[in-house]
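The values are calculated or read from the model by the stated rules, or taken from the named source; none is laboratory data. The structure presented is a predicted model; accordingly, all values stated were derived computationally and were not measured. Quick reminder, even Gly has a Cβ in these numbers, built from the backbone with ideal geometry, and neighbours come from all protein chains shown.
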Amino acid sequence: MLSQIAYEWPEFATYYNWVFLAGAAGTTLALSALGVILGSVFGLLLAVARISDGRLLLPLRVLAFAFTEIFRRVPFLVTLMLAFFGFQIFFSDVPLFVVAAVTTTFIASAFLSEIIRGGLNSVHRNQWEAAEAMNFSQLQTIRHVILPQAWRVILPPAFGFFVMFIKDTALASQIGVVELTYAAKVLNNKGFSAALAFGVVLLIYFAISYPLARLGAALEIRLAPSRHHRP
């Protein structure tokens, strides 16, 4: 196998192949970034909706609960295929990248909402009661009192999800999005061995995800004392 890779390498390592792989890596990064950024925003909204009080907000809580549970339970590939065929029926001219971006945003929103909700609920109830005594609204309480304390609990597991999420975007290749896994299939179909094509893509995935994993581990160490400290 190694001799085969060494034999194919000069033909594989051409300018155009590297440009192709760089473009595919950019697509993977873009899908991951969109999912993480938009998913964080919508995940926060879903988490706030789920912990909201009041009878009038009950429908909103039910919708947030249903959205979170559905997209956390249904496999990523099934959601992606449903989104793909749904867009084909109603918006057939939408780019495949948009279909994948919408799907990844939905999935990320559902998972991140649970991480954020867990962080919000980790803040002692006394903090909520103190803010209520100061006549803060629930949104003011979350923004000014709870979130500044909860983010220390939220960040470490969120980074773990980010690393996993980069790998999950590989499923976008199933609908024809030219990301890293799709690029490996193309290069394999061009005659390069699977070990070489997918091995190079494996290294690129590692180069993307490893720094993020190390950053998450550093945050875990840095924030752990403050999470468990008791005066």
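All of (1) touching a residue at least 60 places away in the same chain (Cβ under 8 Å); (2) closer than 21 Å to I37 by Cα hold for M81 with one exception: (2). Every test in (1) farther than 21 Å from V99 by Cα; (2) exposed (fewer than 15 other Cβ atoms within 10 Å of the Cβ); (3) not polar (S, T, N, Q) is passed by I37 save one, and that test is (1).
Of all residues being hydroxyl-bearing (S, T, Y) and within 19 Å of the chain's Cα centre (by Cα) in the stretch 133-176, which is farthest from Y210 (Cα to Cα)? Just the residue, please.
S173
The residues on offer are S92, S122, S137, and the sole one that is of a type in the set (G, A, S) and either under 20 Å from E220 (Cα atoms) or in contact with a Lys or Arg (Cβ under 8 Å, 6 or more places away or on another chain) (or both) is S122.
For the residues A150, A110, A170, the requirement of being over 23 Å from L45 (Cβ atoms) and either in contact (Cβ under 8 Å) with a residue 12 or more places away in the chain or part of a helix (DSSP H, G or I) (or both) singles out A170.
Residues in the stretch 75-100 that are surrounded by 15 or more Cβ atoms within 10 Å (Cβ to Cβ) and within 17 Å of F161 (Cβ to Cβ): F76, T79.
Scoring L139 on the criteria (1) within 27 Å of P75 (Cβ to Cβ); (2) at pLDDT below 85; (3) among the aliphatic types (A, V, I, L, M) leaves a single failure, condition (1).
From the list A213, A158, A207, the lone residue that is without any contact (Cβ under 8 Å) to a residue 40 or more places away in the chain and out of contact with any Pro (no Cβ under 6 Å at 6 or more places or on another chain) is A207.
Selection within the stretch 173-212: residues that are among the aliphatic types (A, V, I, L, M) and outside any helix (DSSP H, G or I). The member of this set that is farthest from L2 (Cα to Cα) is V177. The listed residues are F42, F71, F85, and the only one of them that is out of contact with any Pro (no Cβ under 7 Å at 6 or more places or on another chain), aromatic (F, W, Y) and farther than 26 Å from L155 by Cβ turns out to be F85.
Out of L21, L57, which single residue is surrounded by 12 or more Cβ atoms within 10 Å (Cβ to Cβ), modelled with pLDDT under 90, in a helix (DSSP H, G or I) and not acidic (D, E)? From the options L21, L57, the qualifying one is L57. Residues in the stretch 193-225 that are of a type in the set (S, T, Y) and over 22 Å from the mean Cα position of the chain (by Cα): S193 alone. Per the listing S52, S40, the residue uniquely among the polar types (S, T, N, Q) and not in a helix (DSSP H, G or I) is S52.
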